[in-house]
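Undergrad: I am attaching a structure below and will ask some questions about it afterwards.
What follows is calculated from the coordinates using simple rules that are stated; it is not laboratory data. Everything numeric in this text was worked out from a predicted model, so none of it was measured. A quick note on method: Cβ atoms are made from the backbone with ideal geometry, for glycine too, and the neighbour counts reach across all protein chains shown.
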Amino acid sequence: MTQGIGMVGLYVRDQDEALAFYVEKLGFRVHTDVKNGSYRWLTVQHPEQPSFQLGLFSPEQPMLDAGTVQALREVVAKGGMPPLLLAVDDCRAAYDRMRARGVEFTQEPMERFGTVDAGFRDPSGNGWKMIQAQR
Amino acid sequence: MSQDPELLRRLLRAKDRMDAASHEKWPVQRLARVSGVSEAHFARSFKEAFGVPPHRYLLTRRIERATALLRDTDLAITEIAFQTGWSSLGTFGRTFRDVTGESPGELRSRERAAPREPECVPVCYLSAAYRPDLTIAVSEKRRQQADGTNESEEMEVT
């Protein structure tokens, strides 16, 4: 694929904490981790999805003014960012594995509409829905 | 008015717990423990963060869930009242009407008459879209409608 969406970014409260979460608990891989002064461009990838990167960014000055930084940190912590969706082959197995690693689940696996879904949050408050892919 | 993001993240945890088990009793003491703050601090901070007091948030979740069960299942209304956390069918019916403007039976009939096919939207986001927007207390809503009563909503949801 040469055209399409290459990266979508999330706001996180702490990039080190987010990196540990997405890599160690979710099994993602680091794609890019570079610093320019205090600015850190950090992206991760799902191991089975090489054409897509998930950016983990911290709202900070001087890219944003102090008031906007505070507002964004509050919105993220309140779970106000848009929904995220992780497709898995086996929702219950993924739930067991991730829960054992300390992922904060907000909803246990539930069977409905012909599939199984669960819900979890990253440490910052971003909410993920985990849905078993329909086969 | 700005709030500490670390506190907000812990308040979100209490909100998540209510979402996951809205049929359970959630007195402020229990919620405050989830968030690791004092009861007085919890109630004030939650309302500031999420715009409604915790008990009213819980009420909207219960109504939302009852609405989904009325629409998507054939469960008896008594059973739905019980499953969504009410101990009395009368209180459920009255509160449901006060919040949504129609009785549980009326909502069910109306939804059945106009079936939709909403399954392409992941279920939870869909249900959030149907969440009642309770910007005022149910008791206040009742007062605004001339025939209302002045029961305390806290009694119904904790």
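Undergrad: What order do you get for A:M130, A:M81, A:M110 when you list them from fewest to most C-beta neighbours inside 10 Å? Intermediate results must be reported in sequence, preceding the final value.
TA: Details: A:M130 23, A:M81 17, A:M110 14.
Ordered by Cβ neighbours within 10 Å, fewest first: A:M110, A:M81, A:M130.
Undergrad: Using Cα positions and a limit of under 13 Å, work out the aspartates and glutamates in reach of B:K141, with same-chain residues fewer than 8 apart set aside.
TA: B:D98, B:D133, B:E151, B:E153
Undergrad: Now a separate question. log10 I(q)/I(0), Debye, Cα-only the protein assembly as shown, no solvent, q = 0.08, 0.16 Å⁻¹?
TA: Calculated log10 I(q)/I(0) at the listed q: -0.41, -1.36.
Undergrad: Assigning unit charges at the beta carbon (Lys, Arg +1; Asp, Glu -1) and nothing else, what dipole magnitude in debye, to the nearest 20, does the protein assembly as shown show about its Cα centre? Mind showing how you got there, number by number?
TA: Numbers: 40 positive and 41 negative charges, 42 e Å.
Approximately 200 debye in magnitude.
Undergrad: Shifting gears a bit: Place a label point 7 angstrom from the Cα of B:D4 along the Cα-to-Cβ direction, then list the residues of the stretch A:45-87 whose backbone nitrogen is under 17 Å away.
TA: A:70-71, A:73-75, A:77-78
Undergrad: Oh, and also: Can you tell me the 0 to 90 degree angle between the C-alpha axis of helix A:66-77 and the longest principal axis of chain A, rounded to 10?
TA: It works out to around 10 degrees.
Undergrad: What dipole magnitude, in Debye to the nearest 20, does the stretch A:7-132 give about its Cα centre under +1 on Lys/Arg Cβ and -1 on Asp/Glu Cβ?
TA: Values: 14 positive and 17 negative charges, 8 e Å.
Approximately 40 debye in magnitude.
Undergrad: By a straight-distance test (C-alpha under 19 Å), which lysines pair with B:K15 as possible cross-link partners, with residues fewer than eight away in the same chain excluded?
TA: Qualifying lysines at Cα under 19 Å: A:K78, A:K129, B:K25, B:K47.
Undergrad: Taking only Cα atoms, what is the 0 to 90° angle, nearest 10, from helix A:91-100's long axis to the longest principal axis of chain A?
TA: Approximately 50 degrees, to the nearest 10.
Undergrad: Taking the Cβ of each residue in A:D14, B:D16 as the centre, tally the other Cβ atoms inside 10 Å and list the residues starting with the fewest. If you can, show how the numbers build up before the last one.
TA: Details: A:D14 13, B:D16 21.
Going from sparsest to densest Cβ surroundings: A:D14, B:D16.
Undergrad: What does the extension gain come out to for B:K25 and B:S87, with contour length at 0.36 nm per residue minus their alpha carbon separation? Walk me through the numbers on the way to the answer.
TA: Working: separation 62, 0.36 × 62 = 22.32 nm, distance 1.09 nm.
In short, 21.2 nm is gained.
Undergrad: Let me ask you something else. At a 10 Å Cβ-Cβ cut-off, how would you order A:R97, A:R121, fewest neighbours first? Intermediate values should be presented prior to the final figure.
TA: Values: A:R97 15, A:R121 20.
In order of increasing Cβ crowding within 10 Å: A:R97, A:R121.
Undergrad: Using only alpha carbon pairs under 8 Å that are at least six residues apart, calculate the relative contact order of chain A and give it in whole percent.
TA: Details: 235 pairs, mean separation 30.6, N = 135.
Reported as a whole number, the value is 23 percent.
Undergrad: Averaged across the residues of B:9-16, what count of C-beta atoms belonging to other chains lies within 10 Å of each residue's C-beta?
TA: Working: counts 11, 1, 3, 9, 5, 0, 3, 10.
Counting other chains' Cβ atoms within 10 Å and averaging over B:9-16 gives 5.
Undergrad: What FRET efficiency do you get for A:S51 and A:D14 if R0 is 30 Å and r is their Cβ-Cβ distance, rounded to the nearest 0.05?
TA: Details: r = 28 Å, r/R0 = 0.92.
That gives a FRET efficiency of 0.65.
Undergrad: Just want the answer: with Cβ charges of +1 for Lys and Arg and -1 for Asp and Glu, which residue in B:A113, A:A20, B:L8 is farthest toward the dipole's positive end in the protein assembly as shown?
TA: Looking along the dipole axis, the top candidate is B:L8.
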